[in-house]
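Let me begin by presenting the structure, written as structure tokens, before commenting on it.
Here, each number is a calculation from the coordinates, and none is a lab measurement. As the structure is a prediction and not an experimental result, all values here were calculated from the model. Don't worry about glycine lacking a Cβ; one is built from the backbone with ideal geometry, like all the others, and counts go over all protein chains shown.
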Amino acid sequence: MTKTSVSRRGLGALLGLGAAAAALPAGAHDPAAEAGPVKAPKHPFTTTEAFDASKVPAYKGKHDKIYAHIDAHQAEHVENLRRWVRQRSISAQNDGVLEMAKLVESDLKALGFQETAIVPSKGHPGVWGWFDAGAKKTLVVYMMYDVQPIEPTGWKVDAFAGDLVDDPKLGQVLMARGATNQKGPERAFLNAVASILAVKKKLPVNLMIMAEGEEELGSPNYPEIIGQYEDRLKTADGVMFPMNSQTPAGAVSMPMGVKGIWYVELIAQGGPHGGPKEAEVHGSLKSILDSPAWRLAHALASLTTVDGNTCLVPGFYDSVRAPSAEEQRLANGVLPQWLAEADARKDALKVDRWIGGMTAEETLYENLFNPSFNIDGLVSGYTGVGTKTILPHRAVAKVDVRMVPNQTPQEMMAKFRAHLDANGFTDIQISQLSGYPPAQTSVDAPLVRAAIGTFNKYGVTPTVLPRLAGSAPYYVFTDRLKLPLVTAGLGHGAAQHAPNEYMVIKPRAGSKVAGLAEVEKFYVDLLYALAEAK
């Protein structure tokens, strides 16, 4: 099938999911068929229309004096990013977290925010900021100031030195933990705010900053932080999450939502039901003792088909709703780029095939509209060098479910618990470490249109996705506060959660990636575009 026909017919037609048929293509492997009544749904598409972001008018405003200020203060602005990444803030280890919160608050005060506060919670604190510009519209800016732990090997530089590194393919990059996830783009946004204030003495919109220090932990206490300012936050016009949105080639994807997450530990431990209770014992005793490790292995095996690709928990897929008309149009619009990048996606992931030999178009449907169930880690007994013959007293599996509308963590807990109990695994503990529902914003929201129009001004028309397959706590804004949320920003960074994380500061000649100065100008334009949006 040609790319032209792909673009014209849309995802529904390619998947055989048109209004008249919901079957997979002939010969496609459907492991759910092995699962009896449990099946991953394939809802029929009812339209082949495709959303076209290029039809949203480009923002036409020019703010030359502000742009000039940004250009003239690039050395200072780069140092602001370096200050942020130099401050450790590893939430999982409580390493520098409070110090980073104080740094964020201090920077907000320096910018002239009339209100700032370190916001206490049961866990790491949040940071609140309020800038009253006397404007008609108010924007909430969601920020996370925490980062992932450092990998023991693989870093070319000290992860917290804030080094500027010359990369032959990218140009000059800031290489540090938090460079792109998420300190770099967040401080770049504040640089843009600083330049607006230096030139205009006022902002085009009022700003509310609502930062957290537990995003990398699953945001367990963010609802508590939000609750302390809930009534005021509800008066805003929308929420923006600053992000380096460009690929190395300069393209931009703009998600309208995220999947939810249910992250738990499944734990098997010796006790009255059998097995050692307090410590490992000699491996030879397996002849007379139950094994928690085997117990957990069988419990896990009961949860999926043999290939691990279809969840057998009764009711797991029951709440999955059909894609809405808007989501179908967005998916159809994404399809040409998704197909064009299919081989590159495999190469980047270092994989040879998709589940059951799925086609690229099938992977788009699964990625957007169906939940996943994954084992993140398995731990039990001795895993070091050589041998140690023991019978472990404890076995733990970390697992996650990425949920789609209308699934919830509460539903997952109830259904997994019921399944384990019904299959005789009442002794398997379920301990929730993180959990929140999916989130969604309409592409027709004025804030979203303002963001698309700003991208179009810079000649980077975004590919607009219904949602990411990943998760973020956007639901506190979209569901609880009923506010639209958009992730937006020029710039490129990568290696999040990995060694040598980076953000491009000065791109190489000929690159379509924005450097820091252009990233900041984008944020300037976005604030003014929102102020003018209707």
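Using amide H atoms built 1.01 Å from N in the peptide plane, name the residues 5+ places from ASP290, or on other chains, whose amide H lies under 5 Å from its own.
GLY275
How much FRET efficiency would the formula 1/(1 + (r/R0)^6) give for LYS534 and LYS156, where r is the Cβ-Cβ distance and R0 is 56 Å, rounded to 0.05?
Efficiency, rounded to the nearest 0.05: 0.70.
Pop a pseudo-label 7 angstrom from the Cα along the beta-carbon direction at both LYS286 and ARG321 and give the gap in nm to one decimal.
Here the answer is 4.9 nm between the modelled labels.
Could you go through the stretch 78-91 in sequence order and give the Karplus-derived ³J(HN,Hα) for each residue, using 6.51 cos²θ - 1.76 cosθ + 1.60 with θ = phi - 60°, rounded to whole Hz, and x for Gly and Pro?
With coefficients 6.51, -1.76 and 1.60, one gets 4, 5, 4, 5, 5, 4, 5, 6, 6, 7, 4, 7, 7, 5 Hz.
Counting only DSSP beta bridges with both residues in the chain, tell me the antiparallel percent, nearest 5.
Expressed as a percentage, antiparallel bridges in the chain total about 75.
Taking a cut-off of 16 Å between Cα atoms, list the aspartates and glutamates near LYS42, but don't count ones fewer than 8 places away on the same chain.
Qualifying aspartates and glutamates at Cα under 16 Å: ASP30, GLU34, ASP318, GLU327, GLU361, GLU362, GLU366.
For ALA340 and LYS482, compute 0.36 nm times the residue count separating them, minus their Cα-Cα distance, and round to one decimal in nm.
Full extension of this stretch gives 47.6 nm more.
Using the crude model of +1 on Lys and Arg Cβ and -1 on Asp and Glu Cβ, and no other charge, please compute the dipole size for the chain relative to its Cα centre, in debye to 20.
The dipole of the chain has a size of about 1080 debye.
Excluding residues on the same chain fewer than 8 positions from LYS169, give the lysines whose Cα lies under 28 Å from its Cα.
LYS169 reaches LYS156, LYS183, LYS346, LYS350, LYS457, LYS506, LYS512, LYS521.
How long are the semi-axes of the equivalent ellipsoid of the stretch 414-489, taking √(5λ) for every eigenvalue λ of the Cα gyration tensor, in whole Å from largest down?
Result for the stretch 414-489: semi-axes of 40, 13, 10 Å.
Candidates (i) 25.0; (ii) 27.2; (iii) 24.0; which is the computed Kirkwood radius over Cα pairs in Å?
Given (i) 25.0; (ii) 27.2; (iii) 24.0, the calculated one carries the label (i).
Stretched out fully, how many nm does the piece from ALA72 to ALA414 gain, at 0.36 nm a residue minus the Cα gap?
Value of the extension gain: 117.4 nm.
In degrees between 0 and 90, to the nearest 10, how far off the longest principal axis of the chain does helix 409-422 point, with axes built from Cα atoms?
The angle comes out near 10 degrees.
At a Förster radius of 45 Å, what calculated FRET efficiency corresponds to the Cβ-Cβ distance of LEU349 and THR235, to the nearest 0.05?
0.55
Tilt of helix 360-369 relative to the longest C-alpha principal axis of the chain, in degrees (0 to 90, nearest 10)?
Orientation of helix 360-369: about 90 degrees from the principal axis.
Along Cα→Cβ, 7 Å out, is where each label goes; now give me the distance between the ones at ASN374 and HIS298 in nm to one decimal.
Taking the two extended label points, one gets 2.9 nm.
Would you calculate, for the chain, the mean residue ellipticity at 222 nm contributed by helices, counting each DSSP H stretch of 4 or more residues as -39,500 (n - 2.57) and dividing by all residues, to the nearest 500?
-9500 deg cm²/dmol
Would you mind getting me the FRET efficiency between ASP307 and LYS398? Use the beta-carbon distance for r and R0 = 25 Å, nearest 0.05.
The calculated FRET efficiency here is 0.75.
Quick one: helix 446-457 against the long Cα principal axis of the chain, what's the angle to the nearest 10°, folded into 0 to 90?
Approximately 70 degrees, to the nearest ten.
So between THR363 and ASP421, what do we pick up on full extension, going 0.36 nm a residue minus the alpha carbon distance?
The THR363-ASP421 span can extend by a further 17.6 nm.
Which lysines, if any, have their Cα less than 23 Å from the Cα of LYS482, not counting same-chain residues under 8 positions apart?
The reachable lysines, counting only those whose Cα sits under 23 Å from LYS482, are LYS136, LYS137, LYS234, LYS259, LYS534.
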